[in-house]
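Here's the structure we're looking at; comments come further down.
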């Protein structure tokens with residue numbers, strides 16, 4: 001296990017607003033994973049923070065960020081505004097590429113719910129993204145055109161009891177032309193709240209990012 005540096009609260013300018021995030025870089029990090037949270041979630045999400053901790057233990061940096069301001073997040077429609085979320089994610093990616101501590105690191109995206117769609121749309125525009133992992137995501141909301149343009153190796157993780165989202169992920173999976181994998185966690189619901197389910201998600205994510213971010 002590599003030692004973790006001190007978490008740093010950061011403020012990132014994105015198209016006229018300021019986004020708050022938490023950047024945490026282990027010593028000699030092999031890459032950094034940017035978390036795109038889903039509808040109604042934030043950088044304080046206990047599930048994503050758990051996964052982020054496992055990634056840091058594996059030697060990867062993490063940036064958990066709120067893609068919406070507090071007032072925007074109160075509007076249900078805004079949570080599903082994929083172009084808005086994508087623009088914010090791309091702005092945050094540019095910020096990572098401009099900062100001294102992270103500009104040389106490979107970047108991956110971890111998306112949950114609608115955040116997965118934003119991650120895929122952003123990766124379709126930015127061909128330098130090294131890898132993507134979706135947890136209980138809605139990759140279908142990225143749109144077929146964007147899905148076909150993604151070049152980053154993409155892992156879709158879905159709960160076995162989340163039947164509707166499984167179907168939507170299968171449909172999106174068929175559109176992806178990149179290296180890809182679809183994993184179904186047996187018995188897990190949409191939020192992976194069952195015993196051991198989130199641990200499996202974190203294990204799959206750490207393996208996927210560890211493989212592809214180290215290659216860049």
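No value in this document is a laboratory result; all are computed from the given coordinates. For clarity, every value in this text was computed on a predicted model and none was experimentally measured. All Cβ positions, even for glycine, are placed from backbone atoms using ideal geometry, and neighbour counts span all protein chains on display.
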Starting from 0.36 nm per residue, how many nanometres of slack lie between residue 194 and residue 103 once their C-alpha separation is accounted for? 29.0 nm
What helix-only [θ] at 222 nm does the chain give? Using -39500 (n - 2.57) per DSSP H run of at least 4, over all residues, to the nearest 500, the answer is -12000 deg cm²/dmol
Which order do peptides 198-210, 150-162 fall in by mean Cβ count within 10 Å, highest first? 150-162, 198-210
Zone of residue 184 (label point 7 Å along Cα→Cβ, backbone N under 12 Å): which residues in region 195-216? none
When ranked by the protection proxy of mean other Cβ atoms within 10 Å per residue, highest first, what sequence do the peptides 79-91, 129-141 form? 129-141, 79-91
Rounded to the nearest Å, the spacing of the alpha-carbon centers of region 174-216 and region 78-140 is 16 Å
Each label sits 7 Å from Cα toward the beta-carbon; between residue 50 and residue 18 the label points are separated, in nm, by 3.3 nm
Is the shape of the chain rounded, prolate or oblate, going by the alpha carbon gyration tensor and its root eigenvalues a ≥ b ≥ c, with a/c under 1.5 for rounded and a/b larger than b/c for prolate? rounded
